[in-house]
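Quick notes on the structure that follows.
Computed from the coordinates by the stated procedures, all read-outs in this text should not be read as laboratory data. Predicted model only: the values in this text are computed from it and were never measured. Neighbour counts are summed over all protein chains in view; Cβ atoms, including those assigned to glycine, are modelled from backbone coordinates with ideal geometry.
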Amino acid sequence: MAKVEETLKRIQSQKGVQGIIIVNAEGIPIKTTMDNSSTVQYAGLIHQLMMKARSTVRDLDPQNDLTFLRVRSKKNEIMIAPDKDYFLIVIQNPTE
Amino acid sequence: MQGKSLVKPPDQLDLSEAELKEEFTRILTANNPHAPQNIVRYSFKERSYKPITSVDQLAVHFVLEGNLLHKDSDEARRQRAKQGIPEENAIETITESEEKPDTPADVVEDVGDSEEATGEERPDSVDPKPRKKEQKLTNQFNFSERASQTLNNPLRERECQTEPPPRAKFSATANQWEIYDAYVEELQKQEKIKEKQKSLPSKKEDDKGKKKTMLVENPSDDITKVTKVAKIIERMVTQNTFDDIAQDFKYFEDASDEFREHEGTLLPLWKFQYDKAKRLSVTALCWNQKYKDLFAVGLGSYEFTKQGRGMLLFYSLKNSTFPAYIFSTQAGVMCLDIHEQLSYLVAVGFYDGCVAVYNLKEDRPQPVYKSTTETGKHTDPVWQVKWQKDDMDNNHNFYSISSDGRVVSWTIVKNELVFTDIIRLSIEGAVSNGQEGIQIPAVACGTSFDFHKHIDYLFLVGTEEGKIHKCSKSYSSQFLETYTAHNMAVDAVKWNHFHPKVFISCSSDWTVKIWDHTIKSPMFTFDLNAAVGDVAWSPYSSTVFAAVTTDGKVHVFDLSFNKYEAICQQAVVAKKKTKLTHIEFNPVYPIIIVGDDRGYVTSLKLSPNLRKKPKEKKGQELPKGPEVEVAKMEKLLSLLREPESTPQD
């Protein structure tokens, strides 16, 4: 359990990372380093995006699965890594 | 004028008065006066005439033939069946014809008949339906209905309400991949069951331990499941942070190499450091053969006085900020080797003489096997370990060499490490101090060894005295050959990856020498102006090798271009006092990792000149494959062999 916490701390301390959100399979955020309203917003929107992306990958080949998804925008980059029951969202500003 | 006298007919009897008063009894009987008083019949039985006992006295006065039938008689039923037919005449004729045979018998029943006939007609006319209802047979003369009400039991309603079954709404989509997932889960469950059945007795204890941990974890919102995902994210974030390095690693090619012939550069890429390993020096490096971006770093100390703990770290190029696996050890790690096929097995040699095997698949921080004083551990630091191919029983085994002069083979047999002394190194011609002139062969200290790439039994051993011995696994007492290599301890000896005869050795006497194992003197000797810590052949070319020195420089040589000098000499560490201790080439990528005595590992990219293949003349096809490399080397060597008198430098 401590290992995961450490990993998350390290991610948080990386350059330019704005926030980390852990969301469970139903789209409810269970751990976050950002404020409540943004967390809820991110979790809800990204959950849908992630389901869509995952379903796309799997429909093309059921033996395949989504490893991660990067959404790069002008201001920052949102990285989403899905798991069977959870998924992790990290928002980073890489140019900072 | 007749008088009132009795007129007497003339033929009347004259009776006297006494006779007139005579009473004559007259009896009224029911006898039929016309019936005969005696009838005699012939009895065949007695063969005589016999009088009949009684004479029938019945006198019929009046006979009237009626046309009524009893309603239950056959004829009546037949009639009723035909009642739908509107022919009354037919019925009548039928009845009449039927009546005639009935008449003699029906005499007595006349009275009853008439009543019945009327009664019969009524039900016939009233009853148009051909119902054959069983009517209650009632006494027609004397019948009265008598009914009484019985007590009805009072009815009571009894009901109970059950709880409605819990309902939940369930909705899901049945995609192709959801179905696939379900099947895969099924398969896994079945496999688990099979495994459980197989390993039930031995794993019971393990299961209990595991169950306890599982029970603790389940109720909480299981954050440990996020581990894998967290690792991926960490790599992604790191990739972003070190984006430029990643790009360089993949794509950067030093353009200036086109202008400099026979000279190359090393581009520094990632730097790997772990804060808990700061005071330790890198004592071993090894790339993983299966996962080409994973490498192992052994940390310990070369100083005799500064012995303490050690570490074993695994880094991945994808995440340079934190090691992928961390193992803490009690003694300093001096050497390590990753198994070629089973890349999760790592053999480690320690400063205190122990050897251990770690299994990366298991999550525990202790090694799977460890040698102890009983199981034949070395009495001096273990300088090198190397995995070998599985022996005939399919057991994994590895070799180790140590300063106590023993080359030991360790075999993993049924969860235990079993050791076998392969060879004992001895100094030739050692002068003994023993009593009575007994020669005690002094033990030589082995510092490095290497196994031939193709010939299994052949291996080289470098010793502290500066000698290199060529040995065979099958001969335990004798060396096949001995080369007087260096003046100081031989730090590394390595066979060439391509050419079967060539090997290289380096030593703290500042030299690097290249040998042909059939010839006793070195082919090439290079003086690097500082103690050489390690030397490594490149995996892509038979003539390229690299060496690291204690002055912080990396020297890369390519013998096909320049037989005398390095084509690249570069200082790779910031602080000049840092000594470089080890170097390894990556099997696929054009990078090298260099370890130093401060616990850092630096990765460097080789510029194109350092990886060059010899130019072929235009029009000729570029031959590829190891034969080319062998040929290249052979060419070089042949130049050297003929003029053996020419001094090499």
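Things to note:
- Taking only the C-alpha atoms of the stretch B:531-579, the Rg (one decimal) and the largest Cα-Cα distance, Dmax (whole number), read 11.3, 33 Å.
- Remark: mean inter-chain Cβ contacts per residue of A:63-70 equal 2, using a 10 Å Cβ-Cβ cutoff to other protein chain atoms.
- Exposure proxy order (Cβ contacts within 10 Å, fewest to most) of A:R72, B:R47: B:R47, A:R72
- For the stretch A:75-96, backbone nitrogen atoms closer than 15 Å to the point 7 Å from A:V57 Cα along Cα-to-C-beta are found at A:79-90.
- Neighbour net charge for B:A172 - beta-carbon separation under 14 angstrom, K R +1, D E -1: -2
- Per-residue average of Cβ from other chains inside 10 Å of B:181-189: 1
- Pairs from the table (B:K473/B:K632; B:K467/B:K494; B:K501/B:K635; B:K290/B:K453; B:K278/B:K553; B:K225/B:K361) lying more than 24 angstrom apart at Cα are B:K473/B:K632.
- Cα gyration tensor category, rounded, prolate or oblate, for chain A with a/c compared to 1.5: prolate
- For the peptide A:81-88, the mean number of other protein chain Cβ atoms found within 10 angstrom of a residue's Cβ is 6.
- A simple rule links phi to the HN-Hα coupling: the Karplus curve 6.51 cos²θ - 1.76 cosθ + 1.60 with θ = phi - 60°, which for the stretch B:478-486 gives 10, 8, 6, 7, 10, 10, 7, 8, 10 Hz, with x for Gly and Pro.
- Cα gyration tensor, the stretch B:296-426 - rounded (a/c under 1.5), prolate or oblate: oblate
- Which of B:C160, B:C445, B:C335 has the fewest Cβ neighbours within 10 Å, and the rest in rising order: B:C160, B:C445, B:C335
- A convex hull fitted to the Cα coordinates of the stretch B:484-574 yields 84 cubic angstrom per residue.
- The residues packed around B:Q341, meaning those with a beta-carbon under 13 Å from its beta-carbon, carry a net charge of -1 if Lys and Arg are +1 and Asp and Glu are -1.
- Residues whose amide H lies under 5 Å from that of A:G19, counting only those 5 or more places away or on a different chain, are A:I91; hydrogens are built 1.01 Å from N in the peptide plane.
- When the square roots of the Cα gyration tensor eigenvalues are ordered a ≥ b ≥ c, the ratio a/c for the stretch B:347-405 is 1.5 or more and a/b does not exceed b/c, which makes its shape oblate.
- This ranking places B:R260, A:R10 by how few other beta-carbon atoms lie within 10 Å of each, fewest first, which gives B:R260, A:R10.
- Interchain or long-range residues, amide H under 5 Å from B:V554's placed H: B:Q570, B:A571, B:V572
- Here the Karplus curve 6.51 cos²θ - 1.76 cosθ + 1.60, taken at θ = phi - 60°, turns the phi angles of the stretch B:400-417 into couplings of 9, 10, 9, 5, 7, x, 10, 9, 10, 9, 10, 10, 8, 10, 6, 6, 9, 9 Hz, with x standing for Gly and Pro.
- Built amide H within the under 5 Å cut-off of B:K50, gap 5+: B:R41, B:Y42, B:S43
- The stretch B:294-309 - phi-based ³J(HN,Hα) in whole Hz, Karplus 6.51/-1.76/1.60, Gly and Pro as x: 9, 9, 10, 10, x, 10, x, 9, 8, 6, 5, 7, 9, 8, x, 8
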